[in-house]
Amino acid sequence: MVGRRLIKKKKTSSKKLDEIVQKARNSITERDKGYREQSLKIHPWVCGRCGKEFNRDNLHLLTVHHVDHNHDNNPIDGSNWENLCIYCHDREHQKIRDFEQYGELTSSAHQDEMPINNPFDILKKMD
Ligand SMILES: [Zn+2]
Ligand SMILES: [Zn+2]
């Protein structure tokens, strides 16, 4: 009589490695998720630029911007975080890239609170 035995292979070593990789991966995403969640807790779900309001359905379009662009600077009072919709966030970074490219900061660069309603306003300030 032939006995059939299922031999389960234990992949202890590779499983351990997976755990380590997974852990490392988690720590990164947990940190990144961490400040976003904190910022969403502290600040209203409103884009700091265009004023668009967000809810649970479209909250993934609301991102957290680091005011000083230092992602390691995460004070728990939220002073370095700003909730921005993905469009304004992109524009914010584009603005900074432009300034870096042209090498000088104009006075309007610091007036972040001022909403840009008319793109021609910017052109006027440029000359
Ligand atoms: Zn916006
Ligand atoms: Zn940003």
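The values are calculated or read from the model by the stated rules, or taken from the named source; none is laboratory data. The structure presented is a predicted model; accordingly, all values stated were derived computationally and were not measured. Here the Cβ positions follow ideal geometry from the backbone for every residue, glycine too, while neighbour counts run over all protein chains shown.
Things to note:
Table: residues versus (1) more than 16 Å from ligand 2 (Cβ to nearest atom); (2) at pLDDT below 85; (3) in a strand (DSSP E or B).
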site	(1), (2), (3)
E30	yes, yes, no
R36	no, no, no
P44	yes, no, no
R91	no, no, no
D98	no, no, no
I122	yes, yes, no
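- Test result for H65, under 15 Å from the mean Cα position of the chain (by Cα) and outside any loop (DSSP other than H, G, I, E, B): yes
- Residues satisfying the criterion are absent from the range 69-78 (criterion: within 16 Å of ligand 1 (Cβ to nearest atom) and either in a strand (DSSP E or B) or within 13 Å of the chain's Cα centre (by Cα) (or both)).
- Look at (1) touching a Phe, Trp or Tyr at 6+ places or on another chain (Cβ under 6 Å); (2) at pLDDT below 95 and you find that N26 fails only one, number (1).
- Selection within the range 39-62 - surrounded by fewer than 17 Cβ atoms within 10 Å (Cβ to Cβ) and within 16 Å of G78 (Cβ to Cβ): K41, I42, H43, P44, W45, V46
- Residue within the range 8-17 that is surrounded by 10 or more Cβ atoms within 10 Å (Cβ to Cβ) and either of a type outside the set (K, R) or at pLDDT 95 or above (or both) present: yes
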